[in-house]
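Right, one structure below, let's go through it.
None of the figures in this text is laboratory data; all of them are computed from the coordinates on show. Since we're looking at a predicted model, the values are computed, not measured. Don't worry about glycine lacking a Cβ; one is built from the backbone with ideal geometry, like all the others, and counts go over all protein chains shown.
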């Protein structure tokens, strides 16, 4: 049994990780700033804003955690390398592993990337990309200078039950209503995925593997899919036949389509330039094997379809885009 701290354990990936830690008998503390702990009575908790360096230092002083899993990114304010350094400095002696949830975005761009590919530069224009790359550089510097036992994980798009982003549900809302799915461009843009529970399992593997300190790991499904293939896979999971309408990105942009905030046209933060990864190192050093995509989507659909009182979807922007005369394809 290990004393484990999960920074951000109340949502999605954090929940999946806490469940695995509890299942194997670890003593778990969750650091979060929310009002509810879904594991109340089963974990200890620290109410703290992880972006407040002084509060983190005070909250963690003398706690003596052996494992730390750092999962939180503040999408509104950004979580910087300085915030990560504050948490790392507060861990104290006895720490065996600090597992940091980074992202494939830390690369900036590229296809079939190995972990030895360069990270995005410190002046990268995208804030999220820059913060993740800078945070990794900081952790690896700490490892080189003092042996700090940092490991970083670089997932692509994370999917699965309890996803707080409007992603899988965005498509299933349309597919189950008999509406077409709008695919931007020609549908050939590549996307790569990982199931949330697979990512949580990889974090535990990284916490235990002797080779892991000072290493980064790509954690993903082995193969990317095109955006068209994604629409078909989501339809198959829901047991429906998809109708797909291809709409030029220029038209989507002209009508005000957004990637992150409404009006969305292809799920939340889904239509981005492709970054794909090679997972050979994670397989070799961690023993990681991903769940097949169709199986992961089936599990996610089962959870999604069992949820009561889902909000009514808004198809108004779809209607604007579907005024186009582009062909409908199955």
Exercise. Please give the length that would be gained between residue 53 and residue 137 if that part of the chain were fully extended, namely 0.36 nm times their separation in residues minus their C-alpha to C-alpha distance (nm, one decimal).
Key: 28.4 nm
Quiz item: Where the eigenvalues come from the Cα gyration tensor of segment 6-84, what are the semi-axes √(5λ) of the equivalent ellipsoid, largest first, in whole Å?
Solution: 20, 15, 11
Practice problem: Go through 50-56, 165-171 and give me the packing order, highest mean Cβ count within 10 Å leading. | Solution: 165-171, 50-56
Quiz item: Which distance in nm do the two modelled labels at residue 307 and residue 36 give, with both placed 7 Å along the Cα-to-Cβ direction?
Solution: 1.3
Quiz prompt | Rounded FRET efficiency, nearest 0.05, which uses the C-beta distance separating residue 165 from residue 236 and R0 of 30 Å | solution = 0.90
Quiz prompt | Cα long-axis angle, helix 196-208 against the chain (0 to 90 degrees, to the nearest 10) | solution = 20
Quiz item: Pick the calculated semi-axes √(5λ) of the Cα gyration tensor in Å for this structure from [x] 36, 21, 19; [y] 51, 25, 18; [z] 41, 19, 18?
Solution: [x]
Quiz item: Once both axes come from the Cα atoms, what is the angle between helix 127-146 and the longest principal axis of the chain, in degrees from 0 to 90, rounded to 10?
Solution: 20
Exercise. Give the distance, in whole Å, between the Cα centre of segment 207-227 and the Cα centre of segment 264-324.
Key: 19
Practice problem: Express as a percent, rounded to the nearest 5, the fraction of DSSP beta bridges in the chain (both residues included) that run antiparallel. | Solution: 10
Exercise. Using per-residue counts of other Cβ atoms within 10 Å, averaged over each peptide, order 34-46, 186-198, 303-315 from highest down.
Key: 186-198, 34-46, 303-315
Quiz item: Separation of segment 59-110 and segment 35-58 by C-alpha centroid, Å?
Solution: 14
Quiz item: Using only helices, what value at 222 nm comes out for the chain when you add -39,500 (n - 2.57) per DSSP H run of length 4 or more and divide by the total residues, to the nearest 500 deg cm²/dmol?
Solution: -10000 deg cm²/dmol
Exercise. Highest first, please rank the peptides 65-71, 158-164 by the mean number of other Cβ atoms sitting within 10 Å of their residues.
Key: 65-71, 158-164
Quiz prompt | Extended-chain gain in nm, criterion 0.36 nm per residue less alpha-carbon gap, residue 294 and residue 319 | solution = 6.1 nm
Quiz item: Between the helical axis of 12-23 and the dominant principal axis of the chain, each derived from Cα atoms, what acute angle in degrees is found, rounded to the nearest 10?
Solution: 50
Quiz item: Can you list the residues of segment 245-278 with backbone N under 16 Å from a point 7 Å past the Cα of residue 186, pointing along Cα to Cβ?
Solution: 246-250, 274
Exercise. Mind checking the full-extension length gain between residue 251 and residue 179? Use 0.36 nm per residue of separation minus the Cα-Cα distance, one decimal, nm.
Key: 24.0 nm
